[in-house]
Amino acid sequence: MKSVICDIDGVLLHNNELIPGADRFIARLRGQGNKLVCLTNYPVQTAKDLANRLQSAGIDLDESHFYTSAMATADFLTHQEGRRAYVVGEGALTHELYKNGFTITDINPEFVIVGETRSYNWDMIHRAASFIANGARFIATNPDTCGPNFSPACGALCAPIERITGKKPFYVGKPSSYIIRAALNHIDSHSTDTIIVGDNMSTDILAGFQAGLETVLVLSGVSKQDSIEQYPFRPNHIFANAGEIDIV
């Protein structure tokens, strides 16, 4: 039986509204006993926050079924030397770092970690760039530049720091295969036994392709049928929405 890594926005929800058929898809997976993790690049909400968000839309999953780029970033950093970090981000990211034994500090940090925050400002850019110029390692939760309604996302927040320092961050989130491996570990599954369901060719499908997963594109979000030709790779399956998926 296949395990399933499923994106959230564009697959299950649009903003906070249920995408038709998504509840049936999740209910069928739960009824069949498929291992399931809902994977998101969005680093601002905790697993519990996401569980509450989906529950409000009509999908009932406990927090163990969620994995975020903030969780993957903390996991990645536990395998690196150093435990002091300067963080440009909000509560969910700092929560995961604290859970994994990190100190959040602006005194000689070994890492500069960028997530997402609405309080982004000149001082954050200055401090982050200074620390990186002096040897701190540059880590970011995800490369997305734009969120809903053109809201600035992590990649956009990293851009001025990159320009000042000339250094690019290691992006943990999709399309990095690292977050896929971390999600597989989260559900104790293997790439050959797992499919990824996503709405974005540049993140979900590319990440799945790079990690060796079977890929399913749904056309209810970012990527549409006529945009697929722009890419040199193809999803294994294409469906209008999650409710029509019949291969799991």
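The values are calculated or read from the model by the stated rules, or taken from the named source; none is laboratory data. Please read these numbers as outputs of a predicted model, since none were measured by experiment. All Cβ positions, even for glycine, are placed from backbone atoms using ideal geometry, and neighbour counts span all protein chains on display. Ligands, DNA and RNA are stripped out before the accessible areas are found, and what is left, the full protein with its side chains, is counted by its heavy atoms. Shrake-Rupley method; radii C 1.70, N 1.55, O 1.52, S 1.80 Å.
Of the residues making up the stretch 16-33, at least one is farther than 21 Å from I247 by Cα, touching a residue at least 12 places away in the same chain (Cβ under 8 Å) and either in a loop (DSSP other than H, G, I, E, B) or not aliphatic (A, V, I, L, M) (or both).
Taken over the stretch 207-235, residues that are touching a residue at least 24 places away in the same chain (Cβ under 8 Å) and either under 27 Å from R30 (Cβ atoms) or in contact with a Phe, Trp or Tyr (Cβ under 7 Å, 6 or more places away or on another chain) (or both) amount to 14.
Name the residues in the stretch 59-95 that are more than 27 Å from N34 (Cβ to Cβ) and among the acidic types (D, E), would you?
Filtering the stretch 59-95 down to residues more than 27 Å from N34 (Cβ to Cβ) leaves 77-91, 93-95.
Selection gives E81, E90.
From the set of residues in the stretch 151-198 that are more than 17 Å from Y86 (Cβ to Cβ) and part of a strand (DSSP E or B), which is most open to solvent (accessible area, probe 1.4 Å)? Per the stated criteria, the residue is P152. Among the residues of the stretch 114-130, is any in contact (Cβ under 8 Å) with a residue 12 or more places away in the chain, outside any loop (DSSP other than H, G, I, E, B) and open to solvent by 50 Å² or more (accessible area, probe 1.4 Å)? For the stretch 114-130, residues in contact (Cβ under 8 Å) with a residue 12 or more places away in the chain, outside any loop (DSSP other than H, G, I, E, B) and open to solvent by 50 Å² or more (accessible area, probe 1.4 Å): present.
Answer yes or no as to whether G208 is open to solvent by less than 70 Å² (accessible area, probe 1.4 Å), within 17 Å of N41 (Cβ to Cβ), outside any loop (DSSP other than H, G, I, E, B) and of a type outside the set (D, E, K, R).
Numbers: open to solvent by less than 70 Å² (accessible area, probe 1.4 Å): yes; within 17 Å of N41 (Cβ to Cβ): yes; outside any loop (DSSP other than H, G, I, E, B): yes; of a type outside the set (D, E, K, R): yes.
For G208, the condition - open to solvent by less than 70 Å² (accessible area, probe 1.4 Å), within 17 Å of N41 (Cβ to Cβ), outside any loop (DSSP other than H, G, I, E, B) and of a type outside the set (D, E, K, R) - is met.
Of the listed requirements (1) open to solvent by 20 Å² or more (accessible area, probe 1.4 Å); (2) of a type in the set (S, T, Y); (3) not in a helix (DSSP H, G or I), Y98 misses just one: (3). Can you report the number of residues in the stretch 13-58 which are in the same structural domain as A183 (by the TED database), at positive phi and open to solvent by less than 70 Å² (accessible area, probe 1.4 Å)? Final tally of qualifying residues: 2.
Only one of the numbered conditions (1) in a helix (DSSP H, G or I); (2) open to solvent by less than 50 Å² (accessible area, probe 1.4 Å); (3) assigned by the TED database to the domain that holds E110 is not met by N142, and that is (1).
Do you know which residues across the stretch 91-112 are in contact with a Gly (Cβ under 7 Å, 6 or more places away or on another chain) and touching a residue at least 40 places away in the same chain (Cβ under 8 Å)? I'd like the intermediate steps shown before the answer.
Going through the stretch 91-112, the residues in contact with a Gly (Cβ under 7 Å, 6 or more places away or on another chain) turn out to be 93, 110-111.
Answer for the stretch 91-112, where residues must be in contact with a Gly (Cβ under 7 Å, 6 or more places away or on another chain) and touching a residue at least 40 places away in the same chain (Cβ under 8 Å): just L93.
It is to be established whether one or more residues within the stretch 78-87 are basic (K, R) and closer than 18 Å to A136 by Cβ. Walk me through how you get there before you give the answer.
The first filter runs over the stretch 78-87 and keeps only residues basic (K, R), leaving 83-84.
With closer than 18 Å to A136 by Cβ added as a condition, the list becomes 83-84.
Checking the stretch 78-87: at least one residue is basic (K, R) and closer than 18 Å to A136 by Cβ.
Against the numbered list (1) assigned to a loop (DSSP other than H, G, I, E, B); (2) closer than 17 Å to D199 by Cβ, V44 comes up short only at (2).
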